[in-house]
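Only one structure is covered here, and it is reproduced in the block below.
The values are calculated or read from the model by the stated rules, or taken from the named source; none is laboratory data. Remember, predicted model here, so these are calculated numbers, not experimental data. Note that we place each Cβ from the backbone using ideal geometry, even for glycine, and neighbour counts take in every protein chain shown. Protein only, heavy atoms only, side chains kept; ligands, DNA and RNA dropped before computing areas. Shrake-Rupley method; radii C 1.70, N 1.55, O 1.52, S 1.80 Å.
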Amino acid sequence: MNGKKLGERIRAFRELQDLSRADMAARTGLSEEFLTSLENDDISPSLGPLLKISRALGVRLGTFMDDEIGSDCCLVRCKDLGGTDDVVMHTGKTKRGAGLKFHSLGAGKSDRHMEPFFIEIFPEEEGTEPALSSHEGEEFIVVVSGEVEVVIARETHVLTPGDSIYFNSVIPHHVGCAGPEMAEIYAVLYLPE
């Protein structure tokens, strides 16, 4: 599956288990229309729907972002970030079209219990209301550059380089740019089995 897009990978795992889109819709609570758009790469979902799909298929979330099995050690060089396997998620209207670009830092470690990412966050157009999402698990974020706005329930926090935040991701939340410039973060997600 190397080099395949996110939607193609999801479809391949679904077909390996002889599941129809209707079966997946029933297992995930997501619409067949959403699943069709996702598999055809017409949309890039947030982590919540991806987590539902991974659970319905009995695979880790990271399975959709990497497909190589390696040794227990996973080394990622900064110069190697930005490959074709990066996952782009559209969270709102942005100047670049994409809200978040995820670079997996755990690719190759098949037995991991955490999902580490380097994430580029692109500013949304002014007046865009942040959409809150939630999923099981916990998140730990460290800001590398720019200003990051983290909304958790009704609280808004603005983080600058070097700041970090750790929270239960079952609480509705949103991570986006706090200013007009792109921001970069490291994020580690713990997703319970």
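Scan (1) surrounded by fewer than 15 Cβ atoms within 10 Å (Cβ to Cβ); (2) at pLDDT 70 or above; (3) not aliphatic (A, V, I, L, M) for the single condition S104 breaks and write down its number. Failed condition: (1). Filtered by the rule that a residue be open to solvent by 60 Å² or more (accessible area, probe 1.4 Å) and out of contact with any His (no Cβ under 9 Å at 6 or more places or on another chain), the range 107-134 gives D111, H113, M114, E125, E126, G127, E129.
Contact annotation: residue pairs with Cβ atoms under 6 Å, 6 or more positions apart or on different chains, pairing a residue in the range 154-166 that is charged (D, E, K, R) with a partner that is open to solvent by less than 80 Å² (accessible area, probe 1.4 Å), are D163/V143.
Those residues that are acidic (D, E) and either within 13 Å of the chain's Cα centre (by Cα) or not in a strand (DSSP E or B) (or both), I need them from the range 139-156; list them, please. Passing the criteria: E139, E147.
For the range 135-149, check the following and say yes or no: at least one residue is farther than 26 Å from L75 by Cβ, surrounded by 15 or more Cβ atoms within 10 Å (Cβ to Cβ), at pLDDT below 80 and touching a Ser or Thr at 6+ places or on another chain (Cβ under 7 Å). Checked against the condition, which is being farther than 26 Å from L75 by Cβ, surrounded by 15 or more Cβ atoms within 10 Å (Cβ to Cβ), at pLDDT below 80 and touching a Ser or Thr at 6+ places or on another chain (Cβ under 7 Å), the range 135-149 yields no hits at all. Just one of the numbered conditions (1) part of a loop (DSSP other than H, G, I, E, B); (2) at pLDDT 80 or above; (3) among the acidic types (D, E) is not true of E120: (1). Of the helices (runs of 4 or more DSSP H) that lie entirely inside the range 5-58, those containing 2 or more residues that are touching a residue at least 40 places away in the same chain (Cβ under 8 Å) span 6-16, 47-57.
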